[in-house]
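Bear in mind that the values in this text are calculations on the coordinates, not laboratory data. Being a predicted model, the structure only gives us computed values, none of them experimental. Because the Cβ atoms are built from the backbone with ideal geometry, glycine has one as well, and the counts that use them run over all protein chains shown.
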Amino acid sequence: MIAVEMRNITKRFHSMIANDNVNFMVEQGEIHSLLGENGAGKTTLMNVLFGLYHPEEGYININEQRIDISSPRIAYKLGIGMVHQHFMLVNNLTVLENIILGNEPGRMIIDKKESYKKVQALSNQYNFGLDMDTKVSDLSVGIKQRVEIAKTIYRGADIIILDEPTAVLTPLEVSQLLQILLDMKKQGKTIIFITHKLNETMEISDHVTILRGGKSIATVSTKDTSAKELANLMVGSEINLEIKKQSKECNETVLSLKDVKLLPNACSSVSFEIHAGEIFGIAGVEGNGQQEIEEMIMGLRSCKSGCIVLKGIDITNLCPRLRRSYGIGYIPSDRYKQAILPGFTLVDNYLLGNQYDKKYVTKGIINKNYLVQRAKTLMKDFDVRAVDENQTIGSLSGGNQQKLVVGREVSNNPDFVIACQPARGLDVVAIKYIHEVLLELRQQGKAILLISAELSDLFQLSDRIGVLYKGTMMAVKRTEEYTKESISLLMAGRKVENADEP
Amino acid sequence: MQMNPKRRATLNAMLSNLLLSMAAIVLSLIVAAFIMLTVGYNPIKAYLALYDGAFGSVNAVSNTLSKSIPLIFTGLAFAFASKGGMFNIGGEGQLYVGALASTAAAIALGNAPRFIILPAAIFAGMFAGGLLGGFVGVAKAKLHLNEVIVAIMVNYIASLLTSYFVNGPMKAAKSMTAQSDLVPSSALFQKIIPKTQLTTALYIALAAVVIIYFFFKKTRAGYNIRVVGENLFAAQASGVNKTMVIILTMGASGAIAALAGVTEVLGKYGRFIDGFSPGFGFTGIAVAVLANNNPFGIIVTAMLFGALDSGALKMSYVAGISANMVMVIQGLVILFVATPQIVQWMNKKGGKKLGKS
Amino acid sequence: MENLSYLFSFDMLMTILRLAIPIGLAAIGGTICERSGIINLGIEGMMLLGAFGGVLGTHLTDNPWMGVLMAIFVGGLIGLLHAVLCIKFKTNQSVSGVGINILATGLTVVLTRAVWKTDGISGQVDQLPSITIPVLQDIPFIGRIFVNQSPYLFITIAVVAIAWFVMYKTKVGLRLRAIGDHPKAAETVGINVKKYRYVAVIICGMLCGLGGAYLSIVQNNRFINNMVAGRGFMALAANIFGGWNPLGSFLASIVFAFAQAVRIKLSINIPDQFVQMLPYVITLLVLVGIGGKSKGPEALGDMSD
């Protein structure tokens, strides 16, 4: 029997099409992997299934009956449960209390005995090994996840959706989870898990559906496919991986990371160097340590092991201000939350990061004239389209905001620039502009760290690329040494040597 | 009129804020009038008397101004902390320790000449208030405690401490009431209008407004505080030391609030009197919120609340209603102004009722 | 020496309980309100209006029990006001509380003048009579508690017991605690977060009103301006010190009352202000000691859902 059938699902958010005529089918009692990169539309599709979103077009059949899933409540009644990436657990309550919350046995008074019986039986049946009376805040991430899964089963879910379940787990916890999923399958549950990881997909799923760019690309039987083929399907052939820039001689090391531990559950630490006149790209699906690199280099997150050296100076324990003074330009990954002051004027935004520069501020007083001049100049040089410098930055388009940020960060001639997801949310023209700026900086002999989830950007701009997966550098090679397949395999967690294994 | 579009946008924003504040005041007056009617008083008579008591004569106006001085300080203090995204509810305690410290300093310096004793007393008061505010800042920055809860505890401890001093060690000899000795006259602010309570402290208040306005507009420190209030991550990424900013901002806010106490003691009473504050610290919150944290706006809203206080007596005399009715109005203003949505919601409903589009 | 033996006397115990009742009732109200995630700084004002309501109700009906009901009603009304402001209109919760305090202070004086023609002092009313419970009074040792005792003692103990039981043994209590910590999680399992919050804040108001009436028609026989005298904030402190737990709030109130009782009854020469300070100093020390991990509801004041 077909447990879930989603046909021609289209979901739009304003002008952005998250799901484009997607078809998705899951058989009852199987483990089905929903595979794709960031932004492919996987979570959106599952949110539609779970009743959190309503599709503009298409329909859904559950257990071969046409149903309109208008809310999570309805979804639960149909036996669909979802375990989100961010857990919905109450820290100060126990495991038992979290699981029964909302569905407690008893009339007004909670029937403690009955609760214990029911939940303990559940835990035993699926080998969750839960201790009923532990406070959730005392649990490890892996166990917390089991509590979340138990919640869905307790509420009667037979179809269970897991969103990137292994993203936060250690390797040991991952294998434990996979075993649990297999046990659940034995008990007749249908499991859908959203992932970008090939290993897990190959290990336990029966079928794989690949999404890319909002469209459903293919559904294959796992035993009939290989990791290589899946990687190909994930990444597609439209990617322009031509290398347009000229080669350059590489000079001294400007930034180096040595034995830096990015994530608590990473297998190994990270080391790499960036030279003057070089763009070093870091590829990888978001959430694999990129945020940590960004923040550790800037000094916004403490680097507990390993060291970071900038132009020969050990900056591992220095405050952000000092680091900046040695010449760092920082283009953060989340523009709105990290790079701009939304309610302030453009002029005030140009001051950000320059408050300790003597040219901008003398003896604690802001040199308004100089600041306004610089703002005007930079707006012109970097093509920031606005009425004038006194406009509020919040009213600018994303592209113009980014141009302001980029202009601001490079205008002081830093020797090292860290650019994180610089092209995110920008239109084609703006992207091209940013590219040109970065290449120009490279030409001037700056060292640039480019962290991006967009392979085409990385290939066009980087001299060398390191692939980040779960806090570990899977490989560091010159750009031309990668193929589309090899890099996507690495991004999905497969070392290239294993590429031909199923 | 042809206007630069960005200027028009800022003006529009300011206008809508102004309208919002005015609507809150009007609504409060309407609800208060309703209460008066229910209880059997004539609101028109009351409001006319209120106005007369507040602005009806030179004496009345100077009274109004004098009552608005402490509110300017506590309002500024709250607004100052708000710019940094912080909530200074500790104004009451800060003004009490400021008052006590300045009294003690002035009395201790007894015979010193005016140009030493007055600044020293002012400084002592600001320092005491700054310590109190800084303490709350440390609790927030280092211990991650909720600054509202800590400030309330500190408020009571500080007020009770000053009460202890003025009932005990600092009590004026042979005095029936709990008050300190008189402060040497060289430490007093001079009266602007004789036989009223209006002193040159008013100039200090106005100066504070101007200084704080330029502080935020022109200095790096002011910029850093605003940045912390707007986007903490971006602030830190730009090199701002979050901990320092939090502690110093709360400290400065405390020092400003302390001036409310200092000017009451050295201006109005000439001594520290137990319980002299009718809740300036809390009313200051309303003053700041009503003025949208704008320093110049605070002058206006402080005067509004000062007018309410100063006209209350006349209102009770003429209309028979208790003078505390102004507290009701003040409370209503706080409730209405804290909720822009209420005002908008009521505007919509009111507009419908009156047949407007 | 004689002081020491007095410390453990029945009289002392009764004094402590009497002092603790109003604070304890309000503190439990605060506990319930904050457990739903809403900060309530207006407890002082709610108690004051309750005190007034108690006197007004008694005055109108010549029946103190009607006064008690009136106090509960008035408190609930103000609770509803706070709830609407905070939940429907998303007001800044601290500012709303401050506003309620100021409003209450002014309104009670205006109304006393309107009814009794004296600013801030009401006329005299009947007090809530003490009762003696026939059978229980014969129990050895503790029988004295049931002789000539204010019904409030039993009401309070009942409130503590019921509040504790509901919070930790019933579905409603579990869901309430979940809401204060993680409203989104509660929402996703189908709990009506808004409804719980409204009810919690209204109950808080009712308890504060009940506590306020104790001050006016049990401990006293009239309403006097500002008669709550900071007990509302002490209740706030008691809730924090007690760990957002009804039993803890009550025990904390007893601790605070103990300090006051010691000073009154044992004529030890500590200045009044230091005794009054004690609750706040203790609470501050507790807060600082526990540091960032103060056991309050994790989503207290957060209305982002």
Item to check | Part-to-part distance (alpha-carbon centres) for segment A:357-420 and segment A:179-209, which is given in Å | outcome: 50
Checklist outcome for this item: The value for the protein assembly as shown (convex hull of the alpha-carbon atoms, volume per residue, Å³) is 216
Checklist entry - Put +1 on the Cβ of every Lys and Arg and -1 on every Asp and Glu Cβ in segment B:127-255; which of B:Met176, B:Leu198, B:Ser238 then has its Cα farthest towards the positive end of the dipole? => result B:Leu198
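Once you average over the residues of A:387-395, how many Cβ atoms of partner chains fall within 10 Å of each Cβ?
Values: counts 5, 4, 1, 5, 4, 4, 0, 0, 2.
That average works out to 3.
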Next on the checklist: Give me the one-decimal nm value for the distance between modelled label points at A:Glu480 and B:Ala108, 7 Å along each residue's Cα-to-Cβ direction.
Outcome noted: 7.8
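Give me a single rounded figure for B:277-284: the average over its residues of other chain Cβ atoms within 10 Å of their Cβ.
Values: counts 0, 2, 4, 0, 1, 7, 2, 0.
If you average over the peptide's residues, the count of other-chain Cβ atoms is 2.
At a Förster distance of 41 Å, what's the computed FRET efficiency of A:Asn103 paired with A:Phe13, Cβ-Cβ distance as r, to 0.05? Present the calculation step by step, with values, prior to reporting the outcome.
On the way: r = 32 Å, r/R0 = 0.79.
It comes out at approximately 0.80.
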Item to check | For peptides A:365-376, B:70-81, C:70-81, A:253-264, sequence by mean Cβ density within 10 Å, most packed first | outcome: B:70-81, C:70-81, A:253-264, A:365-376
Item to check | Cβ-based charge dipole, the protein assembly as shown, positive-most Cα from B:Ile116, B:Leu259, A:Met474 | outcome: B:Ile116
Next on the checklist: Quick check on the protein assembly as shown: of the DSSP beta bridges with both residues there, what percent are antiparallel, nearest 5%?
Outcome noted: 60
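Arranged from highest to lowest average of other beta-carbon atoms within 10 Å per residue, in what order do the peptides B:237-244, B:277-284 appear? Please list the in-between numbers first.
On the way: B:237-244: 18.8, B:277-284: 23.8.
So the peptides B:237-244, B:277-284, ranked by packing, come out B:277-284, B:237-244.
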Checklist entry - Within a Cβ distance under 9 Å of B:Phe233, other residues only, what is the Lys/Arg minus Asp/Glu net charge? => result 0
Next on the checklist: Suppose the chain between C:Ile131 and C:Ile270 were pulled fully straight at 0.36 nm per residue; how much longer would it get relative to their current alpha carbon spacing?
Outcome noted: 46.5 nm
Item to check | Nearest 10 degrees, 0 to 90: helix A:141-154 Cα axis against chain A principal axis | outcome: 40
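Counting pairs of alpha carbon atoms under 8 Å apart in space and at least six apart in sequence, what relative contact order in percent does chain A give? Let's see the in-between values first.
Numbers: 964 pairs, mean separation 81.8, N = 502.
It comes to 16 percent, rounded to a whole number.
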Checklist entry - Among C:Ile290, C:Val218, C:Ser5, whose Cα lies farthest out toward the positive end of the dipole of chain C, if unit charges sit on the beta carbon of Lys, Arg (+1) and Asp, Glu (-1)? => result C:Ile290
Checklist entry - Given just the C-alpha atoms of segment A:2-235, how large is their convex hull per residue in cubic angstrom? => result 125
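If a/c stays under 1.5 just call it rounded; otherwise compare a/b with b/c (prolate if a/b is bigger, oblate if not). Do that for segment B:127-252, with a ≥ b ≥ c from the square roots of the Cα gyration tensor eigenvalues.
In terms of gyration-tensor shape, oblate.
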Item to check | FRET efficiency, A:Val428 to B:Phe115 (Cβ-Cβ, R0 51 Å, nearest 0.05) | outcome: 0.15
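Other chains near C:270-279: what is the mean number of their Cβ atoms within 10 Å of each residue's Cβ?
On the way: counts 0, 7, 4, 13, 4, 1, 6, 9, 2, 3.
Averaged over the peptide's residues, the number is 5.
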Checklist outcome for this item: The lysines whose Cα lies under 25 Å from the Cα of A:Lys359, excluding any fewer than 8 residues away in the same chain, are A:Lys311, A:Lys368, A:Lys376, A:Lys380, A:Lys403, A:Lys446, B:Lys217, B:Lys218, B:Lys242
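Distance cut-off 32 Å, Cα to Cα: go down the list B:Lys45/C:Lys90; A:Lys11/A:Lys197; B:Lys174/B:Lys314 and report the pairs above it.
Details: B:Lys45/C:Lys90 35 Å; A:Lys11/A:Lys197 25 Å; B:Lys174/B:Lys314 34 Å.
Table pairs above 32 Å Cα-Cα are B:Lys45/C:Lys90; B:Lys174/B:Lys314.
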Checklist entry - Considering only the other residues whose Cβ falls under 10 Å of the Cβ of A:Ala453, what net charge follows from Lys and Arg at +1 and Asp and Glu at -1? => result -3
Checklist entry - Restricting to chain A, what percent of DSSP beta bridges are antiparallel, rounded to 5? => result 55
Checklist entry - If you stretched the chain out fully between A:Thr362 and A:Cys267, how much longer would it get, using 0.36 nm times the residue separation minus the C-alpha to C-alpha distance? => result 29.4 nm
Item to check | A:Ile67 versus C:Phe8: modelled label distance in nm, points set 7 Å from Cα along the beta carbon direction | outcome: 6.8
Checklist entry - Which order do peptides C:203-216, C:85-98 fall in by mean Cβ count within 10 Å, highest first? => result C:203-216, C:85-98
Checklist outcome for this item: For segment B:68-291, the dipole about the Cα centre with charges only on Cβ (Lys and Arg +1, Asp and Glu -1), to the nearest 20 debye, works out at 400
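Chain B: D in µm²/s via Stokes-Einstein (Kirkwood Rh, Cα pairs, 4 °C, 1.567 mPa s)? Mind dumping the intermediate values first?
Numbers: Rh = 21.4 Å.
Reported coefficient: 60 µm²/s.
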Checklist outcome for this item: Yeah, segment B:237-319 with a ≥ b ≥ c from its alpha-carbon gyration tensor (a/c under 1.5 is rounded, else prolate when a/b outruns b/c, oblate otherwise) is oblate
Next on the checklist: Apply the a/c threshold of 1.5 to the C-alpha gyration tensor of segment C:25-229 and tell me whether it is rounded, prolate or oblate.
Outcome noted: oblate
Next on the checklist: Please enumerate, by chain and number, the lysines with C-alpha under 16 Å from the C-alpha of B:Lys195, excluding those fewer than 8 residues away in the same chain.
Outcome noted: B:Lys67, B:Lys268
Item to check | Under 12 Å from A:Lys258, Cα to Cα: aspartates and glutamates that are on another chain or at least 8 residues apart | outcome: A:Glu273, A:Asp314
Checklist entry - How many angstrom lie between the C-alpha centres of segment B:23-90 and segment C:200-274? => result 31
